[in-house]
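Taking it in order: structure first as structure tokens, then the write-up.
The values are calculated or read from the model by the stated rules, or taken from the named source; none is laboratory data. Everything numeric in this text was worked out from a predicted model, so none of it was measured. All Cβ positions, even for glycine, are placed from backbone atoms using ideal geometry, and neighbour counts span all protein chains on display. To get the accessible areas, we keep the full protein, side chains included, count just its heavy atoms, and leave off ligands, DNA and RNA. Shrake-Rupley method; radii C 1.70, N 1.55, O 1.52, S 1.80 Å.
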Amino acid sequence: MYRLVLLFLGLMLIYNTIQAQPVKKNVDEYHHLIDSALGESDYEYAWSQAKDLLQINPMDSIGNLRMIPILYSLHHIDDFITQVKKVYPIADSAAQMLAAFSLARESREMTDSAAVWHDRNKVVTEALRLNPNNVYTNVSKSLLLSEEGKFDESIQFIDKAIQNSDTETRPGIQLIKASLYSDFGKKEEAINEFKTLITSYPEFENAYIELSNTYRKYKMYPDALAILEEHGKKFDRVNDDLPKKYYILREMGNKDEACALVEELGSSYSDIMDDASQTLGCSFLLAPLKKDGNSTYEYQVISDDKEYLFTVEKKEGTYAEGNMQMNISMANDDGTILQSTVTMNKAALDTAHEMLNRFSDGMDYKLNTTTTVWVSRSVFDDITKNGKTKINADGTWRTFKLIPYEDDNSYYYGLFTYNEDTEKRLQLLHLMSDDAEHYEIWINNDRENPLIVKMKLDFSVELVKVDE
């Protein structure tokens, strides 16, 4: 996003602020090289070309404009400020441009936030010196102070921005003020500010949305739904607001209504379906796996850049009682089929922490201390009660930890075909080893049927079809 902002600002300056100057072929070439480098975010090369161009023609307006985002991106803040004032000799214009850059965010904030804040604050300080009444300069200073936790000073600057704003920009800045109240936990002040904004500017759509978000933040769910409904009717966005309505219903614990809404939304909202399957367990989304009787599970295996179909036919026995009997086959891409049989007794299903994940053709495996395709109750209980467990999945003991759903960035939700229905899922527990390998295992979140749905070891396996 930061790079896009800089590129946009650069283009805005070029095309909206200057008059094109007569150019020669070599100057055009410099312009092309600089633009290409900026497009690739290669600021060092852009800088070298801009310097060469300006050495040839110090008055080249395009080169001087390009130098502004280049210097800012390279964090040469003093030179950046000097360059802005050179290109924009009128104080108010320079202040406006400095403020625009100070509002931009960048990726290095993740690792060096203090330095980034210092640079932005330095830019704003100079902007305020040039024009203490500039609207965007005061907005930027307010936001910087809020990042420092200085609420009162932050409000002073946002109020000054509001005071100096025109009728077009004022609602947006008042929205920022209301959001600042919310960010600092001042619930009543934030709500009142949003309500005042809606009363003063009833056509300002964002105020309705942010008020609903604020109600939701403070768990005032009926109020959040009410203002969302008002927004939908007033701006003809009832259908657009349905996803927001789902999350409010989910958070207020209204499972039945939330699941009904998801079913109404349909498969075009697959992200909401995924969320509803995992957080709510909406029955229409989940595959009703049988705990006894015959079942066939098909997995896709990828190993050494080759794909295989791994099929498990459960014939007899149940997870609860043990003596689960299975026929296992693996079809190679050359047509070869490897087959073996497996029986797991109750002791293995109750206590085992070792897994059998590789099979030999023609073998008859009797598992007493090892499981395959399923994990044991002991593993399941460790994970659900303690958040971690020991598993030996490949000959090495590793600690696997549960990844909470809200922290899970795998974006895997157990989607597979169940009895010809291609849109079924399972609620999952996602485990990851805490070593350098970061092996992963996803299991069905059911103590009586903790089927392995997916694994990523030195090979990967994923459930793609179930027939029952």
Legend entry - When residues of the range 53-63 are limited to those that are closer than 16 Å to Asp79 by Cβ and open to solvent by 10 Å² or more (accessible area, probe 1.4 Å), the one nearest to the chain's Cα centre (by Cα): Leu54
Inset, instruction - May I ask you to list the residues in the range 268-280 that are closer than 22 Å to Arg447 by Cβ and open to solvent by 10 Å² or more (accessible area, probe 1.4 Å)? - result: Gln278, Thr279, Leu280
Legend entry - Among residues of the range 379-423, those that are more than 22 Å from Leu463 (Cβ to Cβ), open to solvent by 60 Å² or more (accessible area, probe 1.4 Å) and either modelled with pLDDT under 95 or not in a strand (DSSP E or B) (or both), counted: 6
Inset, instruction - Confirm whether Thr137 is hydroxyl-bearing (Ser, Thr, Tyr), within 23 Å of Leu103 (Cβ to Cβ) and loosely packed, with under 14 Cβ neighbours inside 10 Å. - result: no
Legend entry - Cβ-Cβ under 7 Å pairs, at least 6 apart or on other chains, the range 400-418 side of a type in the set (A, V, I, L, M), far side in a loop (DSSP other than H, G, I, E, B) and surrounded by fewer than 16 Cβ atoms within 10 Å (Cβ to Cβ): Leu402/Gly387
Inset, instruction - Determine, yes or no, whether Asp446 is open to solvent by less than 60 Å² (accessible area, probe 1.4 Å), out of contact with any His (no Cβ under 6 Å at 6 or more places or on another chain) and closer than 23 Å to Gly317 by Cβ. - result: yes
Inset, instruction - Consider only pairs whose beta carbons are under 6 Å apart and that are at least six residues apart or on different chains; among these, list those whose first residue lies in the range 369-392 and is free of Cβ contacts under 8 Å to residues at least 40 places away in the same chain and whose second residue is open to solvent by less than 10 Å² (accessible area, probe 1.4 Å) and of a type in the set (Ser, Thr, Tyr). - result: Asp382/Thr389
Inset, instruction - Filter the range 321-378 down to the residues that are more than 25 Å from Ser303 (Cβ to Cβ) and of a type in the set (Asp, Glu), then identify the one that is surrounded by the fewest Cβ atoms within 10 Å (Cβ to Cβ). - result: Glu321
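On the given criteria, is Asp304 on the phi > 0 side of the Ramachandran plot and in contact (Cβ under 8 Å) with a residue 24 or more places away in the chain?
yes
I need a count of the residues in the range 118-127 that are free of Cβ contacts under 8 Å to residues at least 40 places away in the same chain and over 18 Å from Pro89 (Cβ atoms).
Looking only at that region, the number is 5.
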Inset, instruction - Collect the residues in the range 82-117 that are without any contact (Cβ under 8 Å) to a residue 24 or more places away in the chain, among the basic types (Lys, Arg) and not in a helix (DSSP H, G or I), keeping them in residue-number order. - result: Arg108
Inset, instruction - Look through Ser107, Ser165 and report the one residue that is open to solvent by less than 60 Å² (accessible area, probe 1.4 Å) and of a type in the set (Gly, Ala, Ser). - result: Ser165
Inset, instruction - Identify, from the list Leu145, Leu130, the residue that is surrounded by 19 or more Cβ atoms within 10 Å (Cβ to Cβ) and either without any contact (Cβ under 8 Å) to a residue 12 or more places away in the chain or within 20 Å of Lys86 (Cα to Cα) (or both). - result: Leu130
